[in-house]
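Comments concern the structure below.
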Amino acid sequence: MTEIWKDVEGFDGDYQVSNLGRVRSSKFNKTKILKLQGGDNHYCKVGLYKGGRIKLHNTHRLLAKAFLPDWDESLEVDHINGKKKETHVENLRMVTHVENNRSFKTKAKGCTSRFRGVSWYKRGRKWVAFIVVGGECKYLGRFDEEEEAARAYNKAAINEGFNPEALNGI
């Protein structure tokens, strides 16, 4: 894929963002690719100078503003595959807050299951399925098989209008 660069709005041509999610500076007559910041579970950020001060900006928002035709400040930028570090333009879309919460979610670290919305209930020796909707955790039941619990999660996710990529692959 060919890398395309566009100016970052509001920085008088000092910074550019690419469709591949990289940011470069052209300050002081030197072009330099900037190092992105952010831990494993955090969005990539980059520090941009303006008026003698530095401010961290979410790379995915800079990229969306420059490349997505439906950019809207009031909407959220969704990473389609759920991976916050993958900030190329094909992995981003504009969504409402509700839609973003119904999109792909990576499993939390330390989960006992290989599926989203499923965990092992040690005391009851069963798999438990649950789904979070509107900040509320809904219990879906106990199951003998892990895959059965994952199917219950998928059914609830479909009923709640979650995006297809939010479903477990079973």
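The values are calculated or read from the model by the stated rules, or taken from the named source; none is laboratory data. Everything numeric in this text was worked out from a predicted model, so none of it was measured. Note that each Cβ is placed from the backbone with ideal geometry, even for glycine, and that neighbours are counted across all protein chains shown. Just the protein is used for accessible areas: all its heavy atoms, side chains included, with ligands, DNA and RNA removed. Shrake-Rupley method; radii C 1.70, N 1.55, O 1.52, S 1.80 Å.
Once the C-beta distance of Glu147 and Glu90 is scaled by a Förster radius of 35 Å, the resulting FRET efficiency is 0.70 to the nearest 0.05.
Only protein atoms count toward the accessible area here, which uses a 1.4 Å probe; on the stretch 22-170, the carbon and sulfur part of that area reaches 51 percent.
Of the whole protein surface, Arg142 contributes about 130 Å² of accessible area at a 1.4 Å probe radius.
So if R0 is 22 Å, what FRET efficiency would Val132 and Asn159 give, r being the distance between their Cβ atoms, rounded to the nearest 0.05? The formula returns an efficiency of 0.95 here. Note on the chain: GNM, Cα springs under 10 Å; of Arg116, Arg53, Arg24, the largest mean-square fluctuation is that of Arg53.
Going by accessible surface with a 1.4 Å probe and the largest first, Met1, Met94 read Met1, Met94. Between Gly124, Gly21, Gly82, the residue with the greatest mean-square fluctuation in the GNM of the chain (Cα pairs under 10 Å linked by springs) is Gly124. Heavy-atom accessible surface of Thr87, to the nearest 10 Å², is about 10 Å², with a 1.4 Å probe and all protein chains retained.
Projected label points at His97 and Tyr139, each 7 Å from Cα along the beta carbon direction, are separated by 2.9 nanometres.
Helix-only arithmetic for the chain: the sum of -39500 (n - 2.57) across DSSP H runs with n ≥ 4, divided by the residue total, places the mean residue ellipticity at 222 nm at -4500 deg cm²/dmol. Between the Cα long axis of helix 146-159 and the first principal axis of the chain there is an angle of about 60°, rounded to the nearest 10.
Would you mind calculating the gained length between Lys122 and Leu36 on full extension (0.36 nm times residue separation, minus the Cα-Cα distance), in nm to one decimal?
Working: separation 86, 0.36 × 86 = 30.96 nm, distance 4.08 nm.
26.9 nm is the gain from fully extending Lys122 to Leu36.
Of all the options Asn101, Asn29, Asn91, the one that moves most in a Gaussian network model of the chain with Cα springs shorter than 10 angstrom is Asn29.
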